[in-house]
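Asks: Quick one: the structure is below, questions incoming.
Derivation of every value follows stated rules applied to the coordinates shown; laboratory data play no part. The model shown is predicted, which means the values in this text are computed figures rather than measured ones. Glycine gets a Cβ as well: all are built from the backbone with ideal geometry, and neighbour counts include every protein chain shown.
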Amino acid sequence: MTSRRLSVIAALTLVASAAALAGCGGSDSEPSASTNASPSTSRATPTPVPAPARTWTRGYPNSIAVLGHSGSTGENSDPDQPGVEVRENSWATGTNPKVNSLYLRILEHHPAIEGHAVAYSEGGASIVEVATQADRLLEDDPKADLIVIQVMDNDMTCPVDRAALSDFRTQLTATLTKLGQGAPNSSQFVVSQFGSVPTYARSLTRQERASQSGTGPCDFMTPTGTIAPKKVAQLENAIHAYEEALKAACDKVPQCTYDGGAFGRIVDRREYTSSDLNHFSIKGHTKAAAVAWAAMRRTHLLPRTR
């Protein structure tokens, strides 16, 4: 997907339960064996984490895992299997050479990672489910060296509900802190929102925009397929507010690196989106992997040398 179900996000209104919205990438597909635990709604309170030395700081990780929603499950990425999770196509942990995922890029430099890539992500996951995914990761031994996190879509409110936003930031901080404490030699990499509302809207045909239209306060595509600039701006503001929460939470945990808005700077193209206009195509996963890889090297999370 463009990593968002924009038509659903745009239709959101302020409600008391906004933080528990189920939106982007909901799927009837069964998660993989590593992601079949029942979600928990318990919330942890973040506590300070000491900054431990990381054993692979100047090299490549021996293992990688991804937490999050359907942005990393490969859902709907295979035109011959509509609506199905094809996890080998994941930009983070997939094995399809056409995608050249983070896992495959690391494998090219570091053979020790072979076979050590786990996707805990699942369709429709909010921060509550991501916290549960983190629990499952911490139950595994050995724990992943590199933990990639893609979350926010299913927690967003537009217009922004400040209480829901604060709750999201608190829960994400707690989850990152828990990972830092439970896997002190691991590193976390949190990605921003893929693309932008304006470039996504422009990448669609008029007919496609009309099919995604609505009447909510942030519905930026009209029933006639035109674009509503004021609503575009309102949704963009909401996205940036949640991205600031991603950065704020990550900044509190020594083991965490934020992508610095790298995903958000991507210019959407129609080829990045699958037929449902909601999930990544093969080319979308390929683009996400390339941008994440560059951001990891730029921030020295991975070596910069070829």
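Asks: Sorted by average packing, counted as other Cβ atoms within 10 angstrom per residue and highest first, what order do 249-257, 171-179, 133-141 take? Walk me through the numbers before you get to the answer.
Replies: On the way: 249-257: 19.7, 171-179: 23.8, 133-141: 17.1.
Peptide ranking by packing, descending: 171-179, 249-257, 133-141.
Asks: Still on this structure: Once the other residues with Cβ under 12 Å from the Cβ of Ser121 are scored (Lys, Arg +1; Asp, Glu -1), what is the net sum?
Replies: Working: positive: Arg87, Arg136; negative: Glu75, Glu85, Glu122, Glu129, Asp153.
Within the 12 Å Cβ shell, the charges total -3.
Asks: Considering only Cα-Cα distances, which of the following residue pairs are longer than 30 Å: Lys230/Lys252; Lys247/Lys283; Lys98/Lys143? Provide the component values of the computation, followed by the final result.
Replies: Details: Lys230/Lys252 34 Å; Lys247/Lys283 27 Å; Lys98/Lys143 28 Å.
In this structure, Lys230/Lys252 lie more than 30 Å apart at Cα.
Asks: Same structure again: Net charge near Lys283: determine it from the other residues with C-beta under 10 Å of the C-beta of Lys283, scoring Lys and Arg +1 and Asp and Glu -1.
Replies: Details: positive: Lys98, Arg269, Arg270, Lys287; negative: Glu271.
Local net charge: +3.
Asks: Provide Rg and Dmax in Å for the stretch 225-292, with only Cα atoms included in the calculation.
Replies: Taking only Cα atoms of the stretch 225-292, I get Rg and Dmax of 14.6, 45 Å.
Asks: Still on this structure, I have one more. Students often forget the sequence filter, so: which aspartates and glutamates lie under 18 Å Cα-Cα from Lys178 once same-chain residues fewer than 8 apart are removed?
Replies: Partners found: Glu129, Asp135, Glu139, Asp140, Asp141, Asp145, Asp167, Asp251.
Asks: By per-residue mean of other Cβ atoms within 10 Å, what is the highest-first order of 144-152, 259-267? Kindly include the intermediate steps, with their values, before the conclusion.
Replies: Details: 144-152: 26.9, 259-267: 18.9.
Answer by packing, highest mean first, reads 144-152, 259-267.
Asks: Full extension from Arg202 to Thr222: what is 0.36 nm times the residue separation minus their Cα-Cα distance, to one decimal in nm?
Replies: Numbers: separation 20, 0.36 × 20 = 7.20 nm, distance 1.31 nm.
Here the segment from Arg202 to Thr222 would lengthen by 5.9 nm.
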